[in-house]
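Asks: Attaching a single structure in structure tokens format; questions to follow.
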Amino acid sequence: AISTMPPVKRTPLQDVQTVIKNNLFIQYASIIPIVAIFIWMFGFYSSWGSILVVAIGYSIRYVASQKGTFYNKFIQQEPLTTNRREVQHCAWLNLLIRKYWTVCVPKFVEPQIDRVNGIMLENKPGWMKKLEIGPWKLGDRAPRITQIYAPIILSDDRYELQFEIVFVPDLSAEVHVQPLSALLLKIVGSEVKFKATMKLTFDFNDLFPECSVVSVGFAENPL
């Protein structure tokens, strides 16, 4: 059997308090008799001056109380330590990475490929007709960060940030190998898959941009 408690009966005084609390007009209207009594007892200017001083004083105390509450909550937050392993998912960061990958990275990669082609042209065997990187594209699938762990405090000004990265790109590239004039071999690279947990160590300093990267590496063996 399911037993139910009878509802608690409210008193008339509680009903009146609820109505006054939820009705701003009644709150202002209830002040009028109090103001009238003060004006009758102490005069117009003295009464309104006193009311104004009390209102300002109450506002200052309320703001100070709220600031104190906020400050206490802020300083009582648990600091980051090596024992915490909080995970932050970062869809917002992946949007920025994808935009950077599709817009900026090709501009950086293109001169590097031209440089590699120049080196291969200078060092290719004399009997080889052609050795170069042909058409290539990075595609739209950028490296994706799946997890960011809470920073590890190494010292007062050095931190280590670990994150898990997954890279399943749709990039492709062709390497043209032509040992003879009538023969051209195309080596196509695509469907590369990469997953790893990486760590980024950085120092805080007084120089712009207030931090510098010390090292980037793998926290675990990549897959």
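Asks: Give me the pairs: first residue in the stretch 120-141 and over 30 Å from Leu95 (Cβ atoms) and modelled with pLDDT under 80, second residue part of a loop (DSSP other than H, G, I, E, B) and small (Gly, Ala, Ser), beta-carbon distance under 6 Å, and six or more apart or on different chains, which are they?
Replies: What qualifies is Lys129/Ser181.
Asks: Name, by its number, the condition in (1) at pLDDT 80 or above; (2) surrounded by fewer than 14 Cβ atoms within 10 Å (Cβ to Cβ); (3) hydroxyl-bearing (Ser, Thr, Tyr) that does not hold for Thr146.
Replies: (2)
Asks: Can you find a residue in the stretch 150-171 that is more than 31 Å from the chain's Cα centre (by Cα) and surrounded by 11 or more Cβ atoms within 10 Å (Cβ to Cβ)?
Replies: No; the residues of the stretch 150-171 include none that is more than 31 Å from the chain's Cα centre (by Cα) and surrounded by 11 or more Cβ atoms within 10 Å (Cβ to Cβ).
Asks: Name the single residue that is surrounded by the fewest Cβ atoms within 10 Å (Cβ to Cβ) among those in the stretch 114-139 being in a strand (DSSP E or B) and not hydrophobic (A, V, I, L, M, F, W, C). Spell out how you get there, then give the answer.
Replies: Applying the first criterion (in a strand (DSSP E or B)) to the stretch 114-139 yields 130-137.
Retained after the next criterion (residues that are not hydrophobic (A, V, I, L, M, F, W, C)): 130, 132, 134-135, 137.
Values: Lys130: 16, Glu132: 17, Gly134: 15, Pro135: 10, Lys137: 13.
So, considering only residues that are in a strand (DSSP E or B) and not hydrophobic (A, V, I, L, M, F, W, C), the one surrounded by the fewest Cβ atoms within 10 Å (Cβ to Cβ) is Pro135.
Asks: Tell me whether the stretch 193-206 contains one or more residues that are modelled with pLDDT under 65 and assigned by TED's automatic domain parsing to the domain that holds Asp114.
Replies: The answer is no, given that none of the residues of the stretch 193-206 is modelled with pLDDT under 65 and assigned by TED's automatic domain parsing to the domain that holds Asp114.
The values are calculated or read from the model by the stated rules, or taken from the named source; none is laboratory data. All figures in this text were calculated on a predicted structure; none of them were measured in a lab. For neighbour counting, all protein chains shown are included, and Cβ atoms are generated from backbone atoms with ideal geometry for every residue, glycine included.
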